[in-house]
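Every read-out reported here was derived from the displayed coordinates using simple, explicitly stated rules and does not represent laboratory data. Source: prediction; values computed, not measured. Backbone-built Cβ (ideal geometry, glycine too); neighbour counts: all protein chains shown.
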Ligand code: ACO
Ligand code: ZN
């Protein structure tokens, strides 16, 4: 039997981790935010702001927000939606399952602690790795948002209903 040891742990983010999270965000994504934006999400939705550590060092994060809005699955129904605002894994730690684990855990926590009924996110239509990750987890494209990003790139809005597996 082959046992694959995971070399990372998933943890709730702390205020002390924020500088590193902001650094990873700037290294990995063109969508950057002022520090207060990260702090606000951490203070309001701490159970849905997670980091992955390797040897104690933060190498990835996911941060989310709970919103009330129209369901992407039931006509004219208002539901609690878990918005995955941003996720990133440092390049040297990709393709080891960290992104998957962060997504699974943040969705589980949004359901458990904040009563999320659906999840959604936006992603560049050109971001094949992220789109593949979300599809693998059961997300579907629900609409295209033309010129959503500052550089003019379109976004897919992708959504998933909470099911018995999260
Ligand atoms: N090419 C194709 N598919 C990929 C790739 C790739 N380079 N990387 C991941 N995937 C898909 C695969 O289906 C993969 O499953 P597999 O390895 O069994 O084939 C699946 O995603 C899961 O891969 P993980 O190892 O769990 O994902 P990883 O830890 O590498 O993180 C992430 C994926 C977060 C997209 C990472 O590549 C990253 O940080 N990219 C830059 C930042 C980014 O684009 N973030 C998302 C923006 S949208 C938003 O934040 C809501
Ligand atoms: Zn968003």
(message) If you take every DSSP beta bridge fully contained in the range 3-161, what fraction is antiparallel? Give it as a percent rounded to 5.
(response) 90 percent
(request) Given the peptides 22-28, 147-153, arrange them by the average over their residues of other C-beta atoms within 10 Å, most packed first. (result) 22-28, 147-153
(message) Quick check: the angle from helix 98-114's long axis to the longest principal axis of the chain, C-alpha only, nearest 10 degrees?
(response) 60 degrees
(request) Normalising by the residue count of the range 3-161, find the relative contact order in percent from Cα pairs under 8 Å and 6+ residues apart. (result) 18 percent
(message) Can you show me the helix-derived [θ] at 222 nm for the chain, built from DSSP H runs with n ≥ 4 at -39,500 (n - 2.57) apiece and divided by the number of residues, rounded to the nearest 500.
(response) -8500 deg cm²/dmol
(message) Using a 10 Å cut-off around each Cβ, can you sort 89, 144 from fewest to most neighbouring Cβ atoms?
(response) 144, 89
(message) Sort 78-86, 44-52, 108-116 by packing, meaning the average of other beta carbons within 10 Å per residue, with the highest value first.
(response) 44-52, 78-86, 108-116
(request) On a 0 to 90° scale, report how tilted helix 35-44 is relative to the longest principal axis of the chain, with both axes built from alpha carbons and the result rounded to the nearest 10. (result) 80 degrees
(request) Work out how much length residue 150 to residue 33 would gain on full extension: take 0.36 nm times their residue separation and subtract the Cα-Cα distance, in nm to one decimal. (result) 40.8 nm
(request) Quick one: check the C-alpha center-to-center distance for the range 105-119 versus the range 57-76, whole angstrom. (result) 8 Å
(message) Nearest 10 degrees is fine. How inclined is helix 18-28 to the longest principal axis of the chain, computing both from alpha carbons?
(response) 70 degrees
(request) Run the numbers on the range 1-85 and let me know its relative contact order in percent, using alpha-carbon pairs under 8 Å that are six or more apart. (result) 26 percent
